[in-house]
Amino acid sequence: MTIYHISAECYPVAKVGGLGDVVGALPKYQNEMGAASSVIMPFYNNKFTNSNKFKKVFGGRFNLGVPFDFDILTLIDNALGYDVYLVDIPGLLYTDYVYSSNDTERFLGFQIAALDWLVQLDHKPEVVHCHDHHTGLIPFMMSQCYAYAQLKNTPSVFTIHNAQYQGWFGHDKIHLIPPFDFSKVGLLDWQNLINPMACAIKCAWKVTTVSPNYMEELNYGANGLEDLLRYESGKCVGILNGIDAELWNPATDDSLIKNYSIKTVATGKKANKAWLCKEFNLNPKLPLFAFIGRLVGEKGADLLPDIFHNALVHKNVSIFMLGSGDVAMEYQLEKLKYQFEGYYHAYIGYNERLAHIVYAAADFLLMPSRVEPCGLNQMYALRYGTVPIVNKIGGLKDTVQDFENNGFGILHDGATVHEGSFAIHRAINFYNDTEQFKANRNVMMKIDHSWNSSAQAYINLYNSLIL
Ligand code: ADP
């Protein structure tokens, strides 16, 4: 089965968040199951593209008001476990960032170039799997644009990684979409805007989200798409994301200060914690709480300064924060450093290696999210023997059970300062019960969140479309 995943991110080529992790791992697992799964993504100007060699497999030109030349490139030495095809559009997509303010044109160009290439292949895709709104117009273009008529009967699957971002733009830009039967213009529209995510929900053969519980939640809160999702519920399914258990393995992770397995978790985590605490002037004898993520309201990042403050005044915890995003939140989180020197550190920025060390070093990982379609951080935490403290929503509800309810993590009910602070209070008591805390690490590390079963669920879904 030939599957093309189309996405704005794919780790290690380019990653901003969980989308990159998912698209970087799912095709690898699918190929191990016998599929022929590859990825189409933009060619950005970044460390990965600058330090690898590529060859051209196709060249073309499309019109976006003005003509753009593009190339399809592929890696010469590829150890990713799947083929990756990069769409290089100089002057439009070849940028040193993934997302920006002119994304409408950038990702329209990306989608058009990807389809211009796919449509002329001798061996056509059997399934096109699109990820998030940056690729949301592809199911429409495959079924309605004259230029892609040869892909009309190819099944398309669309995965909603985050329904908050829908890629809306005005009808004044409709001429940028390749010619199509204008009687079908309604498929592009949602509430008087062209809405790529809504359009994908209407046009894709199947729609998936990244956890079963998030699928449920979207019926009541989907940033304006609730009615549409309820209407299309027959083709929608929630499939829980997995993690790349080879890449995220504390026994082999070469980012760590010391590797460890279930048997050596105590000494392994201690060594990573000692390094982190020394490096950032924290007390290694206290329970270490960490946050890793985008500093946005969805992640509950605006609650963190108060939650941290409430905990730090007692001087019985160490806290490490790694993240970037909203400037006001960055400022608030940075400022706390001066008030709680020796107990708290904020690292403002994105640092992949440091994130791995933090998962290994921390005793607890905080996720007071308001929206969490799946969440990968809690699954990484579990694999590294770190207790996740999460708000009971989205994929967090699907993956974390409370230790006081036959589980292994800490759940709180609501993204509020009070709930977050009380969860930390419970966590300290849990930490002080040394034997139970130690035994719980083994329980967490044994949980299998690898892609195996979810990659198979996607294959079953594709099979239901092509057989
Ligand atoms: P989202 O995609 O909504 O940001 P996920 O939990 O699905 O959230 O995925 C987040 C991914 O991004 C994880 O791999 C996490 O480790 C990583 N990440 C987020 N912020 C940072 C950061 N500042 N530095 C390093 N990694 C980060």
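The values are calculated or read from the model by the stated rules, or taken from the named source; none is laboratory data. Bear in mind that the values here come from a model prediction, so they are computed numbers and not experimental data. Glycine also receives a Cβ, built like all others from the backbone with ideal geometry; neighbour counts cover every protein chain displayed. For accessibility, only protein heavy atoms count, side chains too; no ligands or nucleic acids. Shrake-Rupley method; radii C 1.70, N 1.55, O 1.52, S 1.80 Å.
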Tell me the residue from PRO196, PRO178 that is away from the ligand (no atom under 16 Å from the Cβ), open to solvent by less than 10 Å² (accessible area, probe 1.4 Å) and in the same structural domain as MET41 (by TED's automatic domain parsing), please. PRO196
Filter result for MET41 (open to solvent by 50 Å² or more (accessible area, probe 1.4 Å) and in contact (Cβ under 8 Å) with a residue 40 or more places away in the chain): no
With the condition being under 22 Å from ILE3 (Cβ atoms), I'd like the helices (runs of 4 or more DSSP H) fully within the range 153-248 carrying at least 3 qualifying residues. 196-203
For the structure I just gave you, tell me whether ALA36 is open to solvent by 10 Å² or more (accessible area, probe 1.4 Å) and within 23 Å of the chain's Cα centre (by Cα). yes
Residue, nearest to the ligand (Cβ to nearest atom), within the range 1-57, restricted to residues that are of a type in the set (D, E, K, R) and in a helix (DSSP H, G or I): ASP21
Of the residues in the range 324-375, those that are of a type in the set (D, E, K, R), more than 8 Å from the ligand (Cβ to nearest atom) and either within 17 Å of ALA301 (Cβ to Cβ) or open to solvent by 20 Å² or more (accessible area, probe 1.4 Å) (or both) come to ASP326, GLU330, GLU334, LYS335, LYS337, GLU341, ARG353, ARG370
What is the residue count in the range 68-90 for residues that are in contact with a Phe, Trp or Tyr (Cβ under 7 Å, 6 or more places away or on another chain) and surrounded by fewer than 18 Cβ atoms within 10 Å (Cβ to Cβ)? 2
Could you count how many residues in the range 290-333 are touching a residue at least 40 places away in the same chain (Cβ under 8 Å) and polar (S, T, N, Q)? 3
Would you check if there is a residue in the range 396-413 being buried (at least 21 other Cβ atoms within 10 Å of the Cβ) and within 12 Å of the ligand (Cβ to nearest atom)? yes
Assuming MET321 fulfils every condition listed in (1) under 20 Å from the mean Cα position of the chain (by Cα); (2) away from the ligand (no atom under 16 Å from the Cβ) apart from one, which condition is it? (2)
Checked against (1) surrounded by fewer than 21 Cβ atoms within 10 Å (Cβ to Cβ); (2) outside any helix (DSSP H, G or I); (3) among the hydrophobic types (A, V, I, L, M, F, W, C), PHE422 satisfies every condition except (2)
